[in-house]
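Notes follow the structure.
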Amino acid sequence: MDIVILAVVIAVVVLGALGGLIVGSRRKKQLPPPPPAAPDITAPPAEPHVGDEAETPREEPRRTIEEVDLPDGSAPVTVEEPPAEAPEIEIPEPTAGRLVRLRARLSRSQNALGQGLLTLLSREHLDEDTWEEIEDTLLTADVGVQPTQELVERLRERVKVLGTRTPVELRTLLREELLTLVGRDMDRVLKTEPEDRKPGIVMVVGVNGTGKTTTTGKLARVLVADGQSVVLGAADTFRAAAADQLQTWGERVGAHTVRGPEEGDPASVAFDAVKEGKEMGANVVLIDTAGRLHTKTGLMDELGKVKRVVEKHAPVDEVLLVLDATTGQNGLVQARVFAEVVDITGIVLTKLDGTAKGGIVVAVQRELGVPVKLVGLGEGADDLAPFEPEAFVDALIGE
């Protein structure tokens, strides 16, 4: 029993010693620092005013939303747009002598006729075969059968009388005969300034594809270059781009354009154009008409209606037929049909600088009995020129 008690006492002593050692070792370890105290959060200072940066913030009176005047939405908000820039007005090239200035362009494609005739006439012996070649040259150039026969007959007589033929004599002879054939005495003046009234009225007719609307725009430039004021009537209401195209041409030279709704009544647009031309005191009104297929009778009748409606204002002074010079004999067919509907007073030949043959000038004048008054010699804005027989024939036979 005594042994048990002794063992218990020893165990208690040992446990107490071990407990002291453990507590002492823990005290030797460094404890972590206490967490920092939370900072005091204060409201940000008021935004300083100019000149009082160091001033103590002060309270300012603030309006509530009820005190603020808000728009009620009744007045429309208008946004001012910058004014559109007016298109720059161009000053067209003077028309006097314009064909002479374009002569080089004309002669590049046309002098095959004149040079061919000069070569044949320069042969030492002009037998029947040579005269047949001369006829073929003229027919190939679209001169036409009747004018060809007349020219060959006159050349035969004059060459027989002339006897010996120097190059200078042949050139003079051929120039005189071609001028007679082209018609140097025909009246080619555009009737745009009637003596008893204003404005002069000009209708432009022709099949689509001949350059009719473009020619109308270029004609406006010709008239403006000659000092006349112009109003354009976009009566080709069946082509969406026609009115826009014509208006663009007009804006370039300061000409006013009258147009109507797409597929509207062409006669109504033409009537309004003349009416506005009168009110504006314009010198000339140019009316661009529809140019759909000439074989459709109803559409040609419509063209006649446009002319009748316009003449409720005043007589039409000029009816210009636009023909593509490269179409040859097909252009003559078109000319006949248009001449049956309206009284053609003048012809405009376009594309005369391309593959066109110079004889078409003679042929179309003979077909209609009216003169060629204007010719188109290129794509440029000022490439429409008054027709001058002398300049044309000189381009045919060359220098």
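At a glance:
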item	result
Residue satisfying condition, being open to solvent by less than 30 Å² (accessible area, probe 1.4 Å), more than 24 Å from Val269 (Cβ to Cβ) and in contact with a Ser or Thr (Cβ under 8 Å, 6 or more places away or on another chain), within set Ala335, Ala325	Ala325
Conditions (1) open to solvent by 10 Å² or more (accessible area, probe 1.4 Å); (2) more than 28 Å from Glu195 (Cα to Cα); (3) among the aliphatic types (A, V, I, L, M); (4) in a loop (DSSP other than H, G, I, E, B); number of the one not met by Leu352	(1)
Evaluation of Leu170 against (1) in a helix (DSSP H, G or I); (2) at pLDDT below 90; (3) open to solvent by 70 Å² or more (accessible area, probe 1.4 Å) (one fails), failing number	(3)
Test: residue in the range 289-303 that is more than 25 Å from Lys351 (Cβ to Cβ), modelled with pLDDT of 90 or more and not basic (Lys, Arg)	no
Qualifying residue in the range 110-117 (condition: under 30 Å from Leu223 (Cα atoms) and out of contact with any strand residue (DSSP E or B) (no Cβ under 6 Å at 6 or more places or on another chain))	yes
Failed criterion for Arg221 (all others in (1) surrounded by fewer than 23 Cβ atoms within 10 Å (Cβ to Cβ); (2) of a type in the set (Lys, Arg); (3) out of contact with any Asp or Glu (no Cβ under 6 Å at 6 or more places or on another chain) hold)	(1)
Gly260, sole failed condition from (1) without any contact (Cβ under 8 Å) to a residue 40 or more places away in the chain; (2) part of a helix (DSSP H, G or I)	(2)
Qualifying residues in the range 138-147 (those that are among the β-branched types (Val, Ile, Thr) and open to solvent by 40 Å² or more (accessible area, probe 1.4 Å)) - the one nearest to Glu177 (Cα to Cα)	Val145
Test: residue in the range 189-209 that is among the aliphatic types (A, V, I, L, M) and either surrounded by fewer than 17 Cβ atoms within 10 Å (Cβ to Cβ) or under 16 Å from the mean Cα position of the chain (by Cα) (or both)	yes
Hits in the range 217-247 (condition: of a type outside the set (A, V, I, L, M, F, W, C), part of a helix (DSSP H, G or I) and in contact with a Pro (Cβ under 7 Å, 6 or more places away or on another chain))	Arg221
Arg154 vs. criteria over 42 Å from the mean Cα position of the chain (by Cα) and modelled with pLDDT under 90	no
Filter pass, Ser229 being under 26 Å from Ala96 (Cβ atoms), at pLDDT 90 or above, surrounded by fewer than 21 Cβ atoms within 10 Å (Cβ to Cβ) and more than 17 Å from the chain's Cα centre (by Cα)	yes
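The values are calculated or read from the model by the stated rules, or taken from the named source; none is laboratory data. If you're wondering where the values come from, they're calculated on a predicted model, not measured in any experiment. Methodologically, a virtual Cβ is constructed for each residue, glycine included, from the backbone with ideal geometry; neighbour enumeration extends over all protein chains shown. Protein only, heavy atoms only, side chains kept; ligands, DNA and RNA dropped before computing areas. Shrake-Rupley method; radii C 1.70, N 1.55, O 1.52, S 1.80 Å.
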